[in-house]
Amino acid sequence: VSGPVRIALAGVGTVGAGVVKLLDTQADLLERRCGRRFTVTDVSARDRGRDRGVDLSGMRWHDDAVAMARTAEVDVVVELIGGADGPAKAVCEAALAAGRHVVTANKALLAHHGTALAGRAEDAGLTLAYEAAVAGGIPIIRSLREGLAGNALSRVYGILNGTCNYILTAMRETGRDFDDILAEAQTLGYAEADPSFDVDGIDAAHKLAILASVAFGTQVRLDAVHVEGIRHVSALDIEYAEQLGYRIKLLGIAGRAEGGAIVQRVHPCMVKFGAPIAHVDGVYNAVVAEGDFVGSTMYEGRGAGQGPTASAVVGDLMDIAAGRRSPTFGVPAGMLGTLPPAGMDRHVGAYYLRLMVIDQPGVFASIATALGEHRVSIESVLQRGRNPDDVVPVVMVTHETQEADMLRAVARIAAHPAVVERPTIIRIEAL
Ligand SMILES: NC(=O)c1ccc[n+]([C@@H]2O[C@H](COP(=O)([O-])OP(=O)(O)OC[C@H]3O[C@@H](n4cnc5c(N)ncnc54)[C@H](OP(=O)(O)O)[C@@H]3O)[C@@H](O)[C@H]2O)c1
């Protein structure tokens, strides 16, 4: 192979402009490493007049990104528009149909259509690369797919959303509540005006579905991910967690369950101080992969931002330039498994339970009875001083129990007249 790698860039926002900058700044370094230069010949975005902080003057402008993907004389189309459907999907499909490799940072697209797009790419002998879609600058796709290829993986989990990790970290450090910190994060630009994709766990679910596919060689199944966000995590629970020796993190966890099923779940977790991931704070992301030969490995870094994301996109471009290719999700698309998803009902683990109860004689006894009758046994109880007839928090940690039992017990407790708020339950993870 020789000659420059010709690139069409669809979308020149935060990431797109970062890619243009990186390719320019590192041109010589990249050439020494892969023997070729990169040239962005074609470009498309919505507003031609917008200043993007990069010079696009030598590039052919297209108002229609899909038409560009279909017709531009390039080797690679880089899709940095975003969104699960719409123009991003049409751009990728058009590029593959026209025989161009595709690089994207679009986790929503891959979580919804990853298996189908991988099939199209592989049928055409093309690369569909997406390192930037999961954990931003951390080269986690490569690490799982190439670096750990000699292992059967049992579990992959991580902090996959920097916005949530920032909010939880700030809540702990300041003792302030969710809404307050969210508003501040929006002002600082760490959270979007519409934060629901982040704080409701959807973005983390997109990334987990992709990770699980690579880790376990199964089709991408976003619909099989159990998703809960962080809106219901309170400063009070974070404080109790600290007292009990835990940190609260929003984790995405994918692992093998009994019978070969793969469980995928995103929800707030209590993690012991001693676990390395408990100390990944602020906007940082981290992923832990557990393999049968390698043991536990952890990868940490910036999960978003212009530089880290561009770094991942260009890593993908380097593979294409050098002719390195792996099956999109580690196994040829047609051979990806279709294992049944496992439900949360059969999840087994310890739980944190916080009740707000009116301090009256006999209340605690009836709570204990309800738990006992559903086979939930209590490991420890935190109760601050007595305050007869006032509302007091009762905090408990259970031994390992089945989720279905726990939920039935808590439903019964919630119906007790002395229990005044909806009980808070947070799963405790043994990591
Ligand atoms: N930002 C990050 O840190 C980060 C990290 C990891 C992954 N990602 C992913 O990277 C992708 C891009 O994110 P971003 O933050 O760079 O977004 P962004 O700043 O909003 O940029 C999106 C770009 O797409 C262009 N665009 C929108 N609709 C278009 C259309 N129909 N045709 C052509 N261009 C169109 C926009 O044009 P105008 O500029 O003219 O409006 C803009 O240049 C997303 O999939 C995102 O999930 C981002």
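The values are calculated or read from the model by the stated rules, or taken from the named source; none is laboratory data. No experiment lies behind these values; they were computed from the predicted model shown. Glycine also receives a Cβ, built like all others from the backbone with ideal geometry; neighbour counts cover every protein chain displayed. Calculation scope for accessible area: heavy atoms of the full protein, side chains included, ligands and nucleic acids excluded. Shrake-Rupley method; radii C 1.70, N 1.55, O 1.52, S 1.80 Å.
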Could you work out what % of the accessible surface of the range 1-144 is carbon and sulfur, using a 1.4 angstrom probe and leaving DNA, RNA and ligands out of the count?
45
Sort out for me the Cα centre separation of the range 95-157 from the range 1-72, rounded to whole Å.
21
If you roll a 1.4 angstrom probe over the protein chains with everything in place, what fraction of the accessible area of the range 324-431 belongs to carbon and sulfur, to the nearest %?
53
In square angstrom, rounded to the nearest 10, how much accessible surface does K89 have for a 1.4 Å probe?
50
Where does each of 410-422, 274-286 land if you order them by average Cβ count within 10 Å, highest first?
274-286, 410-422
Tabulate in residue order the Karplus-calculated ³J(HN,Hα) for the range 314-323, using 6.51 cos²θ - 1.76 cosθ + 1.60 with θ = phi - 60°, rounded to whole Hz; enter x for Gly and Pro.
6, x, 5, 5, 5, 4, 5, 4, 8, x
Could you order F293, F197, F216, F273 so the one with the most accessible surface comes first? Probe is 1.4 Å.
F293, F197, F273, F216
Semi-axes in Å, largest first, for the chain (Cα gyration tensor, √(5λ)) are 46, 23, 17
The range 66-144, dipole about Cα centre (Lys/Arg Cβ +1, Asp/Glu Cβ -1), debye to the nearest 20
120
With every protein chain in place, the accessible area of L144 for a 1.4 Å probe, in Å² rounded to the nearest 10, comes to 10
Over 31 Å (Cα to Cα) - which of K89/K272; K21/K207; K21/K249 fall in this group:
K89/K272; K21/K249
Please arrange S44, S311 by accessible surface area, largest first, computed with a 1.4 Å probe and ligands excluded.
S311, S44
In the range 173-229, carbon and sulfur make up what percent of the accessible area (probe 1.4 Å)?
46
Calculated SAXS-style log₁₀ I(q)/I(0) at q = 0.21, 0.22 Å⁻¹ - the range 301-388, Debye, Cα scatterers:
-1.14, -1.17
How do C164, C34 stack up against each other in accessible area, from largest to smallest, with a 1.4 angstrom probe?
C34, C164
For the chain, report the accessible area per residue in Å² (1.4 Å probe, heavy atoms, rounded to an integer).
42
